[in-house]
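*Asks:* Pasting a structure below so you can have a look.
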Amino acid sequence: MPRVLTVVMYHYVREFQRSRYPKIKGLEYSGFVRQLNYLAENFTLVRIQDVVDAARENEELPENAALLTFDDGYAEHYDLVFPLLFDRGIQGAFFPPVEPVRDARLLDVNRVHFVLASCDDPAKLSEYVDERVREDQREMQLDTVESYRARWAHPNRFDDAETIYVKRMLQTALPEKLRRSISKELFARFVTNDEAAFASELYISRDQAKLMNSCGMYFGSHGFSHYWLNEVSREKQEREVDLSLDFLRDIGSPVDKFWAICYPFGGWNEELLTVLRKRHCTLGFTTRVAAANLDSDCPLTLPRFDTNDFPQ
Ligand SMILES: [Zn+2]
């Protein structure tokens, strides 16, 4: 029997209707509960150790095996998801980046999400991005606005072209210093001036992660600062991975027995896999949408479904 695994990826799981940011794209808590019921009825929810054993020891997986993964370390993973999974004896695999959790620093990616959720028209934001690009073009040796747009302004299955353009420009396309300056300016204008307070509410804390780990949840790597790991130097890849392993050890994750990584934004390359193999990484999860086949897929590039691929 082929060893097939359905990995489901979650990000925000919130009570959006009651929150200050109903436009944030994520899963409403009641939908999560319904989806969990659906998955529990139609799949066998497995633990990370089962997947490790399948990948490393050629162990069987149950029929219709599924693993639940939660990226980015959001506070509601502790407040809402953890109690529900714990009550039902289900293990979630959580992948928080270190910097926001340990240092309560707001990630660029989240700053951009909340700017987009707080502004009624993404074109207003993209115009400001373009304005800043034109201003700094010569000094920072940037590409032209037209070439950035040609490369990045393409809709995907969740977002329109303007929204994707703002996201990509501020996540990866522009030099880090510039994109941070732009996103901070927009965040102060559209969301709040107090970024630190905002961040400490947005993410789980180190102590919460430690508690969840000791209650049987699994914690794996999602890097340190949530970079696209395929877009950074080898040194930066190593630093991102090593700092995340230090954090995982600190909260009690069994790094020396096995460890897993979820690639921020699904970004990986061969150089990164070399870095991971050197450190005996066991499993890597991408954002390629498919069922994982433990007989044929490379264990470091296993595909995942999105929560939106299942009934909610
Ligand atoms: Zn992420």
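*Asks:* Give me the pairs, please: first residue somewhere in segment 253-281 and free of Cβ contacts under 8 Å to residues at least 12 places away in the same chain, second residue anywhere and aliphatic (A, V, I, L, M), beta-carbon distance under 8 Å, and either six or more positions apart or on two chains.
*Replies:* Val255/Leu245; Val255/Leu248
*Asks:* Does Ala93 fit the bill of being farther than 24 Å from His113 by Cβ, of a type in the set (A, V, I, L, M) and in the same structural domain as Phe258 (by TED's automatic domain parsing)?
*Replies:* Judged against the criteria, Ala93 is not a match.
*Asks:* Of the residues Val129, Val112, only one is at pLDDT 95 or above and in a helix (DSSP H, G or I); which?
*Replies:* Sole residue among the options that is at pLDDT 95 or above and in a helix (DSSP H, G or I): Val129.
*Asks:* Just need a number here: residues in segment 284-301 that are surrounded by 20 or more Cβ atoms within 10 Å (Cβ to Cβ) and within 16 Å of the ligand (Cβ to nearest atom).
*Replies:* Matching residues across segment 284-301 total 3.
*Asks:* Separate question: What residue, among those in segment 256-268 that are more than 11 Å from the ligand (Cβ to nearest atom) and part of a loop (DSSP other than H, G, I, E, B), is nearest to Arg239 (Cα to Cα)?
*Replies:* Selected residue: Trp268.
*Asks:* Could you check Ser253 against (1) away from the ligand (no atom under 15 Å from the Cβ); (2) crowded, with 21+ Cβ neighbours inside 10 Å; (3) in a helix (DSSP H, G or I) and say which number it fails?
*Replies:* (3)
*Asks:* Sort through Asn58, Asn64 and tell me the only one that's in the same structural domain as Cys215 (by TED's automatic domain parsing), at pLDDT below 95 and at positive phi. If you could, list the steps in order and put the result at the bottom.
*Replies:* Numbers: Asn64 fails: at pLDDT below 95.
Testing whether each residue is in the same structural domain as Cys215 (by TED's automatic domain parsing), at pLDDT below 95 and at positive phi leaves just Asn58.
*Asks:* Pick out the one residue from Glu271, Glu201 that is outside any loop (DSSP other than H, G, I, E, B) and more than 30 Å from Arg20 (Cβ to Cβ).
*Replies:* Glu271 is the lone residue from the list that is outside any loop (DSSP other than H, G, I, E, B) and more than 30 Å from Arg20 (Cβ to Cβ).
*Asks:* So is Ala123 out of contact with any strand residue (DSSP E or B) (no Cβ under 8 Å at 6 or more places or on another chain) and either of a type in the set (D, E, K, R) or more than 16 Å from the ligand (Cβ to nearest atom) (or both) or not?
*Replies:* yes
*Asks:* With out of contact with any His (no Cβ under 7 Å at 6 or more places or on another chain), part of a helix (DSSP H, G or I) and over 23 Å from Ser244 (Cβ atoms) as the only criterion, which of Arg179, Arg151 stands out?
*Replies:* Of Arg179, Arg151, the one residue that is out of contact with any His (no Cβ under 7 Å at 6 or more places or on another chain), part of a helix (DSSP H, G or I) and over 23 Å from Ser244 (Cβ atoms) is Arg151.
The values are calculated or read from the model by the stated rules, or taken from the named source; none is laboratory data. Being a predicted model, the structure only gives us computed values, none of them experimental. Positions of Cβ are generated from backbone atoms using ideal geometry, with glycine treated the same way; all protein chains shown enter the neighbour counts.
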